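Presented below is the structure to which this report refers.
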Amino acid sequence: MDIIYLHGLKIDTVIGIYDWERRIRQTVTLDLDMGADIARAAATDRIEETLDYKGVAKRLIQFVSESDFQLVETLAERVAAIIREEFGVAWVRVRVNKKGAIRGADDVGVLIERGSRG
C-alpha cells in the first residue's frame with residue numbers, strides 16, 4: 001500500500017470543554033496519511049486514478065470549520081470517517097494537534113488509525 005499524505009492543514013474551529021473555549025475559534029492542525037494504490041495513477045498520469053488530496057483538504061476545511069466538538073477525539077473520529085467513507089480510503093492515520101492547549105507543551109492532541117493497511 002502506498003501512502004498519500006497531507007500534513008500541517010490548519011483550520012480554525014470551535015473546540016474544547018471549557019466555557020471560554022466555546023466562545024472562541026481555535027486553530028487545529030491535521031496531519032493525514034491515507035492508504036492508496038498509486039500505481040495506476042502513476043502509469044496514466046491522470047488525477048481521476050488517484051486520491052485527490054485537494055478534494056480531501058477542501059472537504060475537511062469545510063467540515064472542521066463548521067464543527068463545534070468538545071473533544072479532539074471526536075473530531076479525529078469524524079475526520080477519519082469522512083476520509084474513509086467519502087473518498088474510499090481503506091486505511092487512514094489522523095493526527096489532530098491542538099497547539100497551546102497545555103501550557104509548557106509544544107503540541108497536544110490525538111493520533112488515530114482506522115481501517116486496514118491491507
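Values as computed for the structure displayed
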| quantity | calculated |
| --- | --- |
| Sorted peptide list for 4-14, 101-111, criterion being average Cβ within 10 angstrom, highest first | 4-14, 101-111 |
| Where N is the number of residues in region 2-115, Cα Rg divided by 2.2 N^0.38 Å | 1.14 |
| Unit charges at the beta carbon, dipole of the chain: most positive-side option, 20, 36, 3 | 20 |
| Sequence-distant lysines (8 or more away, or on other chains) whose Cα lies within less than 23 Å of residue 54 | 10, 98 |
| Lys, Arg +1 and Asp, Glu -1 on Cβ, resulting dipole of region 1-93 about Cα centre, debye, nearest 20 | 220 |
| Counting DSSP beta bridges with both ends in the chain, the antiparallel % (nearest 5) | 100 |
| Most mobile listed residue (90, 80, 39) in the chain, GNM with C-alpha springs under 10 Å | 39 |
| Cα-based helix-to-principal-axis angle, 72-87 vs the chain, degrees rounded to 10 | 20 |
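Only the coordinates and a few stated rules stand behind these numbers; no lab work does. Just so it is clear, the model here is predicted, and its values are computed rather than measured. Reconstructed Cβ throughout: ideal geometry from the backbone, glycine too, with neighbour counts over all protein chains shown.
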